[in-house]
1. Consider residue 278 carefully, then state whether it is in contact (Cβ under 8 Å) with a residue 24 or more places away in the chain and outside any loop (DSSP other than H, G, I, E, B).
2. Among the residues of segment 182-205, count how many are surrounded by 12 or more Cβ atoms within 10 Å (Cβ to Cβ) and either hydrophobic (A, V, I, L, M, F, W, C) or not assigned by TED's automatic domain parsing to the domain that holds residue 221 (or both).
3. Only residues that are of a type in the set (Phe, Trp, Tyr) and either surrounded by fewer than 22 Cβ atoms within 10 Å (Cβ to Cβ) or under 26 Å from the mean Cα position of the chain (by Cα) (or both): list them for segment 237-252, please.
4. What number goes with the only condition from (1) part of a helix (DSSP H, G or I); (2) under 21 Å from residue 315 (Cα atoms) that residue 218 does not pass?
5. Looking only at segment 161-180, which residues are within 25 Å of the chain's Cα centre (by Cα), of a type outside the set (D, E, K, R) and either outside any loop (DSSP other than H, G, I, E, B) or surrounded by fewer than 18 Cβ atoms within 10 Å (Cβ to Cβ) (or both)?
6. Between a residue in segment 121-138 that is among the hydroxyl-bearing types (Ser, Thr, Tyr) and any residue that is surrounded by fewer than 18 Cβ atoms within 10 Å (Cβ to Cβ) and assigned to a loop (DSSP other than H, G, I, E, B), which pairs come within a Cβ distance under 6 Å, given they are 6 or more apart or on different chains?
7. Being hydroxyl-bearing (Ser, Thr, Tyr) and modelled with pLDDT of 90 or more is the filter here, so list the residues in segment 44-95 that pass it.
Amino acid sequence: MPISETWLLPDGVADVLPEQAQIIEKLRRKALDFLVSRGYQLVYTPFIEYIESLSSLSEANQDLDLATFKVIDQLTGRLLGIRADMTPQVARIDAHVRPVEGVARYCYAGTVLHTKPQGFSATRAPLQLGAELFGSESIDADVEMVDLMISLIQKAGLTDGIHLDLGHVGLFRSLVKQAALNKATEHQLSDLYQRKALPELAEFTQTLHFGSDFYALGRYASDLGALEANLSAEILKNAAFKQAFDAVKTTQSEIQARWPNLHIGIDVVELRSYHYHTGLMYAVYAPNRAAPLAQGGRYDGIGEHFGRARPATGFSCDLYALSAGQFNELSIVVAPKGTDTDLLKMIERLRTEGLSVVQLLGQDDLSSVPNATHQLVQVAGHWNLEKI
């Protein structure tokens, strides 16, 4: 490769320069401190693991398996995976490394790696931050997680115009089970729902058992009242369907009570990660952003691969995306070389106050600190801070 190209990075990977890195790091610290204050214990997980561990969700979520880089361990010859998501790792901790009884709450932050960008203009190496709650089947756990997610977005300063989307895979799943559909038909329906193709849905459901219910699910996906009015009595009596329906209503009501000015949308046929999630799903969007700021949902039984199936719910976000468009003007103070006591005290005081102070080396002058914004100047025996 020519020397002129050796500095280039792979597609979907980028450096983070000081003006944005400071914003991201402050956000990371603030977010983790907030999660810890809410009882979520911080964990660090390894960047690489045996593929069997990282693939604990692959049967339910092939997208995760496809997103995972695989390499050969030079020590053992076994296949390793570079983490594409930290949720399976936290599930492993809950199942085996720290198998506490009762409810366990964890939070984390770290870089993950994807084989391909997961969205338009997305990085292949997101800085993932998230929270997971294990051990509770209660809808209260989902409400807590949604509230936590919105609160975190607020801490990031992005509350203006945000929108919460709520869905529940249990409505579609219970209807599929009630109608005894085969996998091919189930996949076709899921595709129609995802594409919001109502004319095609109307035609496709004409010959299906409970076809009018499948059509109503898509036609009134965003209006729980209209949906309930257009469903058959048999489906409304289905215990699993009723439980999922009530979970969406309860979550909407309780989150609206906590966040009265928040716009909440319902979409009961939003089936992203349908084979991964097992219940309520939630995502927060902001104006002029196609991808969610944060998203999550319930994924009961996640620890089964590790021998300890537990109910679980959680969310995650990409700190790079969350801080997109924010930059911090650098403020660097230049101090002259020397060991004058008052000078050293002044330098220490400014650093304690949070300023970045660079003391000159050798014969350097201001030109050696290209981003300098202030300097220390001695006037009448006193060190003063002056803007350059």
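The values are calculated or read from the model by the stated rules, or taken from the named source; none is laboratory data. These numbers were taken from a predicted model, which means no experiment stands behind them. Note that each Cβ is placed from the backbone with ideal geometry, even for glycine, and that neighbours are counted across all protein chains shown.
1. In short, no.
2. 7
3. If the condition is that a residue be of a type in the set (Phe, Trp, Tyr) and either surrounded by fewer than 22 Cβ atoms within 10 Å (Cβ to Cβ) or under 26 Å from the mean Cα position of the chain (by Cα) (or both), then 245 is the only one that fits.
4. Residue 218 satisfies all of (1) part of a helix (DSSP H, G or I); (2) under 21 Å from residue 315 (Cα atoms) except (2).
5. 161, 163, 164, 166, 167, 168, 169, 170, 171, 172
6. Cβ pairs passing all conditions: 123/12; 136/103.
7. 44, 45, 50, 68, 76, 87
Listed here are the residues, each with its yes/no results for (1) at pLDDT 95 or above; (2) under 17 Å from the mean Cα position of the chain (by Cα); (3) within 25 Å of residue 323 (Cβ to Cβ); (4) among the polar types (S, T, N, Q).
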| residue | (1), (2), (3), (4) |
| --- | --- |
| 101 | no, no, no, no |
| 108 | yes, yes, yes, no |
| 111 | yes, yes, yes, yes |
| 120 | no, yes, yes, no |
| 127 | yes, yes, yes, no |
| 132 | yes, yes, yes, no |
| 136 | yes, no, no, yes |
| 142 | yes, yes, no, no |
